[in-house]
Amino acid sequence: MSQGLHVISQQQQQQDEEEDNEEDGIVGDSYYGDGDSFMEGDLDSEEEEVLDFTDPFSTEVKPRILLMGLRRSGKSSIQKVVFHKMSPNETLFLESTNKICREDVSNSSFVNFQIWDFPGQIDFFDPTFDYEMIFRGTGALIFVIDSQDDYMEALARLHLTVTSAYKVNPDINFEVFIHKVDGLSDDHKIETQRDIHQRANDDLTDAGLEKIHLSFYLTSIYDHSIFEAFSKVVQKLIPQLPTLENLLNIFISNSGIEKAFLFDVVSKIYIATDSTPVDMQTYELCCDMIDVVIDISCIYGLKGAGTPYDKESLAIIKLNNTTVLYLKEVTKFLALVCFVREESFERKGLIDYNFHCFRKAIQEVFEVRVKVLRSRKHLSQIRKSRITPNGTSRVPV
Ligand SMILES: Nc1nc2c(ncn2[C@@H]2O[C@H](COP(=O)(O)OP(=O)(O)OP(=O)(O)O)[C@@H](O)[C@H]2O)c(=O)[nH]1
Ligand SMILES: [Mg+2]
């Protein structure tokens, strides 16, 4: 239902932008997400035309996340559930992947990357498989292990994959999803994680590569664990993360808020939260709230060519434990979801004022990013124009 969110035409973005500029006196000249993402869309589409894997500037713009692992470990299911809203049961009918599938995820101003879903059993020794090129532009490598199956072969493959990738690009974040844990008891989960962790790290130590850091997550597409794990993977690729966390900390401490998340609405990945610990239940409630808002808006709220999520999107739900859930639009793609105690929520004016300041600060962070991307692109063009077709430099060095 909420897939409508994907279809935001540039024309419509432009219209919205114009409307925003007219209507919204408080928030300033340009409206946060719209104007910027429009410009960014331009950057991206041009970037696409000259997609050059050897160009460090293009990899800066769209980091790659690779999904690797043995056959049937659940890679395609993860991608479909997180980014296409496929229901977990439907993944039973997914066909085995037989070639690398690339997909752009550029829903949000900050979350902007490519996902590459690999077939199981790729052969690193196949000369047609240019793994150097692939790993060079990679931000994160997610290795999926089926925890319901015998995982010895998967561990050997993990070792081969990680060591090959590290040789090409030591900056890759290595993320191991111990997947399909819905079939395991709680004790069994912990034991499996401990065993996989131990064996994988022992293999690296034996190879003299103990400096490679692997992060482990217990995941399943049948609950929110897969979204939470993906959130953490994506957060590591967002250079502005410490700034966003800081802004959220300042926002909550001045507004009497218990916990706040900044969500990418389409994927339900949280791109940042304040520094208090995240518990799974809180995260699930936030995801459910986003679903409710988008679904109700899709079914009953759409007028003409409108989108189910816009600058007026807002929801307040009072829970039976004296907590209030508060959702508010930050940009066209991002929402802030907070947990507030009922007594603090009485000072809603203060919360709204602080929210206004928070939103403005997010805009400033984002403007810096757009400027950096522009200047990088400019530099890249200068660099290219200095190189003659036979690869030599036009100017003496
Ligand atoms: N129980 C359970 N089953 C899962 C989970 N994730 C995926 N599956 C199932 O695992 C099977 C294989 O999923 P795929 O996503 O096709 O696996 P893949 O890794 O893409 O496989 P290849 O494309 O052949 O490499 C499907 O039947 C899914 O329904 C999970 O979290 N729990
Ligand atoms: Mg697949």
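None of the figures in this text is laboratory data; all of them are computed from the coordinates on show. Everything quoted here is computed from the prediction, not taken from an experiment. Every residue, glycine among them, receives a Cβ derived from its backbone with ideal geometry; neighbour counts consider all protein chains shown.
Based on the Cβ-Cβ distance of residue 148 and residue 320, what FRET efficiency does E = 1/(1 + (r/R0)^6) give at R0 = 30 Å, to the nearest 0.05? That gives a FRET efficiency of 0.25.
Classify segment 256-297 as rounded, prolate or oblate from the Cα gyration tensor: take a ≥ b ≥ c as the square roots of its eigenvalues, call it rounded if a/c is under 1.5, otherwise prolate when a/b beats b/c and oblate if not. Since a/c reaches 1.5 and a/b is larger than b/c, the shape of segment 256-297 is classed as prolate.
Taking amide H positions as placed 1.01 Å from N in the peptide plane, with prolines and chain starts having none, which residues 5 or more places from residue 219, or on another chain, fall under 5 Å of its amide H? Amide H neighbours of residue 219: 178, 179, 180, 181.
Loop only per DSSP, at most 12 neighbouring Cβ atoms within 10 Å: give me the GluC sites (Glu not before Pro) in segment 62-129, ordered by residue number. When the GluC sites (Glu not before Pro) of segment 62-129 are filtered for loop state and at most 12 Cβ neighbours within 10 Å, 95 remain.
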